[in-house]
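In what follows, a structure is listed as structure tokens, so that the remarks can point back to it.
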Amino acid sequence: MNIYPKGSEWRKWDLHVHTPASVLRNEFVHDWDAYVVSLFKKAIENNISAIGITDYYLPEGYKILKKKYLDNITKLSSLFDDSEIEAIKRIKIFPNIEFRITKLVLGKEKDLSWNRKVNYHV
């Protein structure tokens, strides 16, 4: 029995998506409904199969998204139609924590504009 008759398939994943719980560059401030609608409508439009919900140091944004939206069909139904909810259910959601450290990465190039601190994503 062949579980994957087509073999490998390429899928689009976005493993670095910040939430309104992030401390830096938060364009949604605390408007979670607008964030969730934008996130999933763009994911559906772009055929995204997996999303890494990213926050700095703690997984608070992932917890909010999971508890208040993904596990709450009443809330989802207030924001999306049935076909969108089915598409959202097919998207795999992962927690991702970003750690910023103070170590600088320096190159040999004369133009050091690309040099920056290293961030770890877990």
Inset, instruction - Filter the range 37-64 down to residues that are part of a helix (DSSP H, G or I) and of a type outside the set (Ser, Thr, Tyr), then give me how many there are. - result: 12
Legend entry - Filter pass, Tyr62 being within 10 Å of the chain's Cα centre (by Cα), of a type in the set (Phe, Trp, Tyr) and open to solvent by 30 Å² or more (accessible area, probe 1.4 Å): yes
Inset, instruction - Return a yes/no flag: does the range 75-94 have any residue that is in contact with a Phe, Trp or Tyr (Cβ under 9 Å, 6 or more places away or on another chain), more than 14 Å from Asp14 (Cβ to Cβ), modelled with pLDDT of 90 or more and among the acidic types (Asp, Glu). - result: yes
Legend entry - Any chance Ile44 is under 15 Å from the mean Cα position of the chain (by Cα), among the hydrophobic types (A, V, I, L, M, F, W, C) and modelled with pLDDT of 95 or more: yes
Inset, instruction - Please go through the range 38-59 and pick out each residue that is touching a helix residue (DSSP H, G or I) at 6+ places or on another chain (Cβ under 8 Å) and open to solvent by 50 Å² or more (accessible area, probe 1.4 Å). - result: Lys41, Ile44
Inset, instruction - Among the candidates Lys68, Lys63, single out the residue that is at pLDDT 90 or above, more than 16 Å from Phe94 (Cβ to Cβ) and either touching a Gly at 6+ places or on another chain (Cβ under 7 Å) or of a type in the set (D, E, K, R) (or both). - result: Lys68
Inset, instruction - Could you tell me whether any residue of the range 105-117 is surrounded by 11 or more Cβ atoms within 10 Å (Cβ to Cβ), at pLDDT 95 or above and either among the basic types (Lys, Arg) or farther than 30 Å from Glu9 by Cβ (or both)? - result: no
Inset, instruction - Return yes or no: is Ala34 within 13 Å of the chain's Cα centre (by Cα) and either surrounded by 14 or more Cβ atoms within 10 Å (Cβ to Cβ) or outside any helix (DSSP H, G or I) (or both)? - result: no
Legend entry - Residues of the range 76-89 that turn out to be within 18 Å of Tyr62 (Cβ to Cβ) and open to solvent by 80 Å² or more (accessible area, probe 1.4 Å), as a count: 1
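The values are calculated or read from the model by the stated rules, or taken from the named source; none is laboratory data. All values derive from a computational prediction rather than experimental measurement. Heads up, the Cβs are rebuilt from the backbone with ideal geometry, glycines too, and the neighbour counts pull from every protein chain shown. In case anyone asks, the SASA skips ligands and DNA or RNA and just uses the protein heavy atoms, side chains included. Shrake-Rupley method; radii C 1.70, N 1.55, O 1.52, S 1.80 Å.
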